[in-house]
Amino acid sequence: MKKNLLIFLILSLNIVYAQQIFKKEYLERAKIAVQNEWKNRDQIIENYKKNIDTNYVFGYNPPAGDIYLAALHAHFYKEEGKKEDFEKAKQLLVGYGEYKKAYPPDYYKKKSEYAKGLPALPNIFTGAAYCRAYILIKDEPGWTKKEKEIVEKNIAESADYIMNFQEWGAMNRAMLRAEFLASCIKALPNHPNVNKWKTLCKSIADDNIAKWEIEDATGYHAIWLYALLNYADYSDNYEFLYSPVMNYYYQYFSYLFAPDKTMPEFGDADYNAAWVRYLPFFEKAASITKDSHIKWVATEYFKKNVLPIEYSKINSSLGLFFYDCYRWCDDNIKPEPSKKLSMEVLEDVVGKKIVFRNGWNDKSTYLLLNYRDEGDGGLLDRDNLRNSIPVEEEKMTHGHSDENGICQLQYNGSFLLYESGYRDFMPSGPYGAYRADYFHNRVCIRREKIFKGQSEGGYRYANGGKPVIGQTMLEFYHNSGAYRKVVTNKIDFLTFDEFDMSRTRVTDPKMKYQQDRVITWIKELNIFVVFDIVKFLEEDYFTAANLWHTRKILDRSNGWYETQYDSIRTLPVNTNNALLIYFPENNQKMEGFEKEKRCYQDEFVIYQMDSRHVKMGDMISFITILIPHPKDKDVKNLMSNIKVINSSDPNNSIGVTINYNGKKFYVYSKMDFDKELSRDHRRPKYTYESGKVNVEEFETDGHYLFGILDGKKLNYCITNVIKAQFKNKLLFEQAPSTSGLAFDNSPDGPGTMKLRYWKESVEIK
C-alpha cells in the first residue's frame, strides 16, 4: 500500500513538473545561440555588405548579431570565468565600429544628425546590449589601452548622437532611449559628457517609470515593458518594478492572454511577433509577484514559441532574450492558470478592454472587446508626437480607430474574428490601412447620406425602371483614414453562470453622436448577442454601418453569412469551425458584402447599414448574432428560432428571444436611459411608471434584461430596476422611501430608488 502511494506521488510530481519550464532550459538555448551565430557570422556579414541600402529611412544600420553575441559571451564569462568568452566579447566590441567603413565616405551628409560622423551604435533597439557587454567585462584584466579607447569612443559618440535626436514621452521609442543612455552612463561613469547624458536620461525616464504608457498596441507594449526591465538593471533602480502601476501591467497582460497562447492583437501589431519580449517580461513579473498565473503564462509562451524552434535556427538575438529569461526565471514558482474567466482587463480607465472567456485552454471560447480611446493622460507626450511626426492615422500612439471594436473571437481552436493588421508602408496604407475605423469589427458613422441607387424595376421618371448603380459601402466610407478623437466609457459589465454582458459607449463630440455596444454572451448556447445603438446629438444627414470582417464567406442568404478564417496574415489556421453572422432585424437597412484588402490578405467586409436624415435625439440600432460552431454542424435551425422582441416601446427597446431545446431565452436592453427621466425637480428623477416597458411576457422599468424560461422555471436578471412582473406574477418590487435631501426648495417626498440589479430563479404557475 505504501509502495503504491509512493509511486502515485512520484507520478503526480512528474505531471506537475512536466508543465514547468526551468532556468536551465533557457540557458541551454542561449549557449546554442552563440554556437549558431559564430557558425553563420561570415555569411551574415557578407550578406550585410552586399545589401547596404543608403536610402534606408532609418539611416545607418549595422548588423545587430555581433552586439547580442558580445553580450552573451560577456554573461558567460562572468558566470563561468572562461577566458575564451572574455576574448570573444572583447573582439566583437572592439571591431563593431568597423561596419561604418562599408558605407560611402560621404554618407554622413544624408542626415543632419550625422554631422559629427556616423555613430557606432545608431540603433536604439540594440545599443544598450553593446554597453551591457562592456559593463560586464570592462574591469577585467586583458584589455589594452587602445582597445578600451575604441570601445568607449563607440559608446560616447553614440550617446552624443542620441542627444541630437530627441524622442520623449511614455512610449516605446522614448523608453528605448532612456535604456540606452542609462547603459552608457553605467559603462562610462566618468566621461566628460556624462552629466548631459544623465540629464536627458532622467527627463525621458521620469515620464515612463511607474507611469501609464500612452500607446495602445500589442507590439509596442512589449518593447516598452522590456526596455523598462533592462533600464532597472542599468540604473540600479528596482523600486519602481514593485510599484502599483507596474503591478497593473503584470496583471493586465497576463489576463489578456488568448487561448492560442498569444497576446491578442490590437493597435499596431503583427501576429505573435512580440513574444520574444513578452516572455522575459512575464518571467520577471512572476519572479517579482510570485504569481502562479503569470508564471503559467510564461510557461505557455515557452511551449508555443520556444519549443518548436529548431536549435539550428536560434540566433544571438533570440539567445540574449533567452538569457534574460534565464536571469529572471524563478524555479520555485509553480505555474497554474487563473480561475478568473470573463473580466474587465483590468478596469475602465486605462486598459478599457473586456474579455469574455470560458477557460484557459486552447479550445476555450474567447472574445476581446477594445473600447479604449486616447484617454486623458500623457497630453504633453501626445501633443509632442502630433507636432513632430506624421501620425494622423494613429490613436496616439500606434493605436487604431477600433473603439468598441471586437478585436478577436476564438472558438474551439479556430479564429472566427480577427484584428485588422498594422500597415503595408509608412505612415499607413491606402485609406489609412489598416488603422482606420472601417477596417475593424465595429459601427462606423459618417455625416452624409450614401447614394443608394436603384435596383432593376424601380421607377424613376427619367430612367424607366432601369437599374442605377449606387455607391458601394467602401466607396462611401473610404477617406484618408485620419484618426478622429473620441471619448469612451464603460456603462456596465456583469458576469454570471448563465451569461456575461457589457455595455460600452463611444462619444464623438465633433461628429455629434454616441454609440453604445451591448454584448451578451449566452453561455449555454455559446452565442454572442450584439446590440449597437446610435444616438444622434444634432440634426443632419448620417450614415451608420455595422461592419464585420472575415476571410471567407462559405454560404449566405438574406440576413445571414456563414464565415470562416482559413488564414491570419496569410498564415494557415484551423478551419474546423465557422462563424454564422446573423442580422435578425432589417427595418429599411441596406445589407451586403464587399471584397477588401485587410490584414495583408484578401478578405470580405459584411455590413448592415442605415442612412437617413435625423433629428437631434433620434436613434438607430443594429442587432448581430454571432454563432460559433463546428463547420460540419448546421446551426440554421438555431437562427430560425431567433426573433426580435415585442415591446410596448419599440423606439426605445432592442432585444431578441431565442427558442431552443424547449427553453426560451430573453435578451433586452433599453436604448436610451434618459428617456425615463422626468424633467421636473423631483429626486429620484424617475418613477416606475415613467420607465415601465412591456417586453414579451415581462413588464419592467429595468435597463437590461436577461432571462431563461425552462418549463415553469424562470431564471432572470434585470439591471437598474424598481419593479418587474412576468405575466401576472410579481417578480420583484422595491419599496419607496422618503427623501430628506431635497435642497432645491421642493418638499421632501416619497421616491423609489433603483437596484443595481436583481437576479433570481422563480417558479411560474
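All conditions but one from (1) closer than 18 Å to A735 by Cα; (2) of a type in the set (K, R); (3) in contact with an Asp or Glu (Cβ under 9 Å, 6 or more places away or on another chain) apply to R682; the one that does not is (3). Restricting the first member to the range 748-759 and to residues that are over 18 Å from E689 (Cα atoms), and the second to residues that are modelled with pLDDT under 95 and loosely packed, with under 13 Cβ neighbours inside 10 Å, the beta-carbon pairs closer than 8 Å and six or more apart or on different chains are D748/T738; D748/G740.
Considering the range 195-247, the residues that are small (G, A, S) and in a loop (DSSP other than H, G, I, E, B) include one that is farthest from Y371 (Cα to Cα), namely S243. Selection of the range 409-440 for residues being of a type in the set (D, E, K, R), part of a loop (DSSP other than H, G, I, E, B) and either without any contact (Cβ under 8 Å) to a residue 12 or more places away in the chain or touching a Gly at 6+ places or on another chain (Cβ under 9 Å) (or both) yields E419, R423, R435. Within the range 577-634, the set of residues being basic (K, R) and closer than 23 Å to K523 by Cα comprises K631, K633.
Residue-wise test of (1) surrounded by fewer than 24 Cβ atoms within 10 Å (Cβ to Cβ); (2) of a type in the set (F, W, Y); (3) touching a helix residue (DSSP H, G or I) at 6+ places or on another chain (Cβ under 9 Å); (4) modelled with pLDDT of 95 or more.
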| site | (1), (2), (3), (4) |
| --- | --- |
| A71 | no, no, yes, yes |
| K83 | yes, no, yes, yes |
| K88 | yes, no, yes, yes |
| Y96 | yes, yes, yes, yes |
| A115 | yes, no, yes, no |
| P119 | no, no, yes, yes |
| G127 | no, no, yes, yes |
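In the set A286, A274, A298, A258, which member is closer than 27 Å to V391 by Cα and not hydroxyl-bearing (S, T, Y)? One residue alone meets the criteria, A274. Would you call S611 of a type outside the set (D, E, K, R) and surrounded by fewer than 18 Cβ atoms within 10 Å (Cβ to Cβ)? For S611, the condition - of a type outside the set (D, E, K, R) and surrounded by fewer than 18 Cβ atoms within 10 Å (Cβ to Cβ) - is not met. Of the residues making up the range 314-332, just one is in a loop (DSSP other than H, G, I, E, B), acidic (D, E) and in contact with a Phe, Trp or Tyr (Cβ under 9 Å, 6 or more places away or on another chain), namely D331. Among residues that are under 20 Å from the mean Cα position of the chain (by Cα), hydrophobic (A, V, I, L, M, F, W, C) and surrounded by fewer than 24 Cβ atoms within 10 Å (Cβ to Cβ), V486 is included.
With the condition kept exactly as written, say whether any residue in the range 521-541 is outside any loop (DSSP other than H, G, I, E, B), free of Cβ contacts under 8 Å to residues at least 24 places away in the same chain and out of contact with any helix residue (DSSP H, G or I) (no Cβ under 9 Å at 6 or more places or on another chain). Looking through the range 521-541, none of the residues is outside any loop (DSSP other than H, G, I, E, B), free of Cβ contacts under 8 Å to residues at least 24 places away in the same chain and out of contact with any helix residue (DSSP H, G or I) (no Cβ under 9 Å at 6 or more places or on another chain).
Residues are listed down the side, and each one gets a yes or a no for (1) more than 24 Å from the chain's Cα centre (by Cα); (2) part of a helix (DSSP H, G or I); (3) crowded, with 17+ Cβ neighbours inside 10 Å:
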residue: S312; (1), (2), (3): yes, yes, no
residue: K334; (1), (2), (3): yes, no, no
residue: K340; (1), (2), (3): no, no, no
residue: E347; (1), (2), (3): no, no, no
residue: S364; (1), (2), (3): no, no, yes
residue: L369; (1), (2), (3): no, no, yes
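Residues that are within 20 Å of V518 (Cβ to Cβ), surrounded by 22 or more Cβ atoms within 10 Å (Cβ to Cβ) and either among the aliphatic types (A, V, I, L, M) or touching a His at 6+ places or on another chain (Cβ under 8 Å) (or both) within the range 696-718 comprise L705, I718, listed in sequence order. Within the range 99-157, the set of residues being of a type in the set (S, T, Y) and closer than 24 Å to R41 by Cα comprises Y99, Y103, T126, Y130, Y134.
If only residues of the range 496-507 that are crowded, with 17+ Cβ neighbours inside 10 Å and out of contact with any Phe, Trp or Tyr (no Cβ under 6 Å at 6 or more places or on another chain) are counted, the one that is nearest to Y366 (Cα to Cα) is M501. For K685, the criteria (1) among the charged types (D, E, K, R); (2) surrounded by 15 or more Cβ atoms within 10 Å (Cβ to Cβ); (3) modelled with pLDDT under 95 hold in every case but one, which is (2).
The values are calculated or read from the model by the stated rules, or taken from the named source; none is laboratory data. Since we're looking at a predicted model, the values are computed, not measured. Counting neighbours? That spans all protein chains shown, and the Cβs are built from the backbone with ideal geometry, glycine included.
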